[in-house]
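Visitor: I'd like to ask some things about the structure below.
The values are calculated or read from the model by the stated rules, or taken from the named source; none is laboratory data. Everything quoted here is computed from the prediction, not taken from an experiment. Here the Cβ positions follow ideal geometry from the backbone for every residue, glycine too, while neighbour counts run over all protein chains shown. Ligands, DNA and RNA are stripped out before the accessible areas are found, and what is left, the full protein with its side chains, is counted by its heavy atoms. Shrake-Rupley method; radii C 1.70, N 1.55, O 1.52, S 1.80 Å.
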Amino acid sequence: MFDPFIAPSGTLLGLLQRGRGDGTLHALAAPRPEALAALNHCVLSDPRHDWQVENRSLYYARLYLDLDGGIEEIERHLCDPDDHLDTDDSRTGLALAVLGHLAAYGRGDALALLRRYAATGSNWAWALDELALRDDDAGLRSLAVPVLGRFPDTVEGSAELAAVVRDAYEPRPWRLWADDPREEVGARIRAASEQGSFDRWQRQMRPGGPRPGWSVQAVFDWAQQGIERGSVLHGPAARCLAAVAGPEDRPAITEAARSGPEGARGAALHYLAEAGDPAVLDLIEAGAADASRTVADAAIAAFERMCGDAAVERARRWVRRPDALGASAAGVLACRGGVQDATVVLGALREAVRGAGPDEPRLWTLVDGAGRLGIACAAPVLRHVYRETSSSHLRGRAARALAATDPTFATGFAVECLWDCEETTREVAALHAETGDIRVAERLRRLAADPAEEAEVQTAVRSRIGPDTPAV
């Protein structure tokens with residue numbers, strides 16, 4: 001999937017693409033055709049950089065309900081001939097998830113479209129999973145024949161069906177179909193289920209691939225073979241070393257960390273870092289300056305896994321470095337440093353935003369650190385990250401940091417966060433938003449009554465509107 005184009009944060013489209021609460025509030029105030037056009041654009045052209053972890057579907061489904069929007073554009077998208085040419089989940093997954101939420105809210109048109117797409121669409125498995133959570137037994141049973149029709153009654157087709165049944169995310173439809181009295185339905189599903197169970201048993205009994213022998217050198221050889229195959233095995237190899245290495249092996253492991261092949265060097269650095277070996281910090285410093293990108297990355301990753309005071313002290317020495325190790329040191333101080341490190345963490349935060357923009361991966365730990373250390377003067381840059389980042393997860397982290405550093409958060413961003421696409425951000429808002437705002441009181445009541453809302457959010461809401469709290 002290509003990186004999506006994200007509109008400026010001050011536009012309605014940009015707000016909705018980011019999943020910001022202000023997107024909903026602006027859409028409800030905008031002309032309805034304009035709001036629906038922007039909403040459809042987001043649903044049909046997934047704006048998430050990582051669609052597997054960022055939430056948007058419930059956010060967009062709620063806005064369809066608030067705007068009384070139809071699903072004609074979604075239907076055209078799903079029924080387009082491209083559906084059978086571009087079968088990547090990212091093309092249709094968001095639209096199907098939105099339909100699932102709409103169906104849960106009682107939209108019969110969404111339920112009917114999901115059934116039709118499960119019978120004819122290329123991403124039918126996703127649609128079937130949505131239906132497994134929302135449809136009744138009769139609706140699911142009606143899909144048995146069209147779904148099974150995708151698998152020819154051949155050896156290859158039966159094997160493919162067995163794999164699909166075995167790996168099904170939501171097993172409810174397959175269990176219903178297994179009880180179907182028709183031979184071409186129930187018997188096929190039961191046979192596929194039995195084959196899938198046998199396949200799973202075979203996979204558990206077979207070795208999963210190359211394994212290291214029970215010696216330090218064998219582990220190093222295995223780690224190097226992984227590099228040659230394109231697999232980085234520093235972490236697993238370090239755990240193997242922990243199982244096989246004794247005190248007498250320390251010189252060999254230290255030498256491998258200093259000058260061994262890439263795979264062995266990375267494994268040794270990780271092992272020594274996790275063991276808190278007194279020599280590892282000097283070895284990490286040398287590794288971070290190595291010409292090999294694999295070794296340099298392994299050294300920095302090993303350092304970031306260290307939790308002791310020695311790592312924090314060394315981070316204070318390295319944080320001024322203008323390289324990747326200096327950036328890593330700033331992250332270590334953000335996560336594990338003390339109040340005396342607030343100035344350097346703030347400087348790193350400002351430099352990361354200034355040099356790489358509001359989507360820089362380093363910002364995740366630096367934003368968390370600004371909140372953890374309570375750096376009040378970080379509030380302006382945290383507000384900038386909140387407004388501009390296209391990552392809803394990073395925006396949520398910025399919201400938590402602002403709650404700890406910005407005295408205006410409760411009457412400012414916390415209010416719009418009640419409409420945010422991420423449930424963790426809505427939870428922060430429910431705990432902090434100023435209830436004197438009439439919008440907040442109404443929104444808290446609506447979240448408390450919404451069966452689609454996450455339990456953590458509703459718990460936070462009830463802490464504000466429970467029997468022992470002032471009325472809102």
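Visitor: Looking at the structure I just gave you, is residue 456 surrounded by 21 or more Cβ atoms within 10 Å (Cβ to Cβ), acidic (Asp, Glu) and assigned to a helix (DSSP H, G or I)? Walk me through how you get there before you give the answer.
Guide: Values: surrounded by 21 or more Cβ atoms within 10 Å (Cβ to Cβ): no; acidic (Asp, Glu): yes; assigned to a helix (DSSP H, G or I): yes.
No.
Visitor: If you don't mind, another one. Output the qualifying pairs, or none if there are none: Cβ atoms under 6 angstrom, residues six or more apart or on different chains, first residue in the range 168-194 and under 23 Å from residue 123 (Cα atoms) and charged (D, E, K, R), second residue open to solvent by less than 60 Å² (accessible area, probe 1.4 Å) and in a helix (DSSP H, G or I).
Guide: 170/129; 170/132; 172/132
Visitor: Condition first: out of contact with any Pro (no Cβ under 6 Å at 6 or more places or on another chain), modelled with pLDDT of 75 or more, buried (at least 17 other Cβ atoms within 10 Å of the Cβ) and in a helix (DSSP H, G or I). Now tell me which residues in the range 180-220 satisfy that. Steps first, please.
Guide: Of the range 180-220, the ones out of contact with any Pro (no Cβ under 6 Å at 6 or more places or on another chain) are 180-217, 220.
This time we only want the ones that are modelled with pLDDT of 75 or more, so: 180-194, 214-217, 220.
If we keep only those that are buried (at least 17 other Cβ atoms within 10 Å of the Cβ) as well, we get 180, 185, 188-189, 192-193, 216, 220.
Selection gives 185, 188, 189, 192, 193, 216, 220.
Visitor: List the helices (runs of 4 or more DSSP H) inside the range 5-124, counting only whole elements, that have at least 1 residues being under 20 Å from residue 446 (Cα atoms).
Guide: Working: elements: 12-18, 21-29, 32-44, 57-67, 72-78, 89-104, 108-120.
Those helices (runs of 4 or more DSSP H) span 21-29, 57-67, 89-104.
Visitor: Return the only residue of 329, 334 being under 18 Å from residue 366 (Cβ atoms), modelled with pLDDT of 95 or more and touching a Ser or Thr at 6+ places or on another chain (Cβ under 8 Å). Walk me through how you get there before you give the answer.
Guide: Numbers: 329 fails: touching a Ser or Thr at 6+ places or on another chain (Cβ under 8 Å).
Answer to the selection: 334.
Visitor: Just name the residue that is farthest from residue 369 (Cα to Cα) out of those in the range 315-330 that are part of a helix (DSSP H, G or I) and of a type in the set (D, E, K, R). If you could, list the steps in order and put the result at the bottom.
Guide: We begin by selecting, within the range 315-330, every residue part of a helix (DSSP H, G or I); these are 315-318, 324-330.
This time we only want the ones that are of a type in the set (D, E, K, R), so: 316-317.
Working: 316: 15, 317: 18 Å.
Here the answer is 317.
Visitor: For residues that are free of Cβ contacts under 8 Å to residues at least 24 places away in the same chain and either in a loop (DSSP other than H, G, I, E, B) or not charged (D, E, K, R) (or both), tally how many sit in the range 339-351.
Guide: Kept after step one, since they are free of Cβ contacts under 8 Å to residues at least 24 places away in the same chain, are these residues of the range 339-351: 340, 343, 347, 351.
Now restrict to residues that are either in a loop (DSSP other than H, G, I, E, B) or not charged (D, E, K, R) (or both): 340, 343, 347.
The total comes to 3.
Visitor: Follow-up. Going through 57, 122 one at a time, which residue ends up being in contact with a His (Cβ under 6 Å, 6 or more places away or on another chain), open to solvent by less than 50 Å² (accessible area, probe 1.4 Å) and farther than 24 Å from residue 19 by Cα?
Guide: Numbers: 57 fails: farther than 24 Å from residue 19 by Cα.
Just a single option satisfies the conditions, and that option is 122.
Visitor: Select from the range 278-333 the residues that are among the hydroxyl-bearing types (Ser, Thr, Tyr) and buried (at least 21 other Cβ atoms within 10 Å of the Cβ) and list them in ascending order.
Guide: First pass over the range 278-333, keeping only residues among the hydroxyl-bearing types (Ser, Thr, Tyr): 292, 294, 328.
If the condition is that a residue be among the hydroxyl-bearing types (Ser, Thr, Tyr) and buried (at least 21 other Cβ atoms within 10 Å of the Cβ), then 328 is the only one that fits.
Visitor: A further question follows. What pairs can you find where one residue is in the range 95-114 and at pLDDT 95 or above, the other is open to solvent by less than 10 Å² (accessible area, probe 1.4 Å) and of a type in the set (Phe, Trp, Tyr), and their Cβ atoms are less than 6 Å apart, with a gap of 6+ or different chains?
Guide: Pairs found: 98/60.
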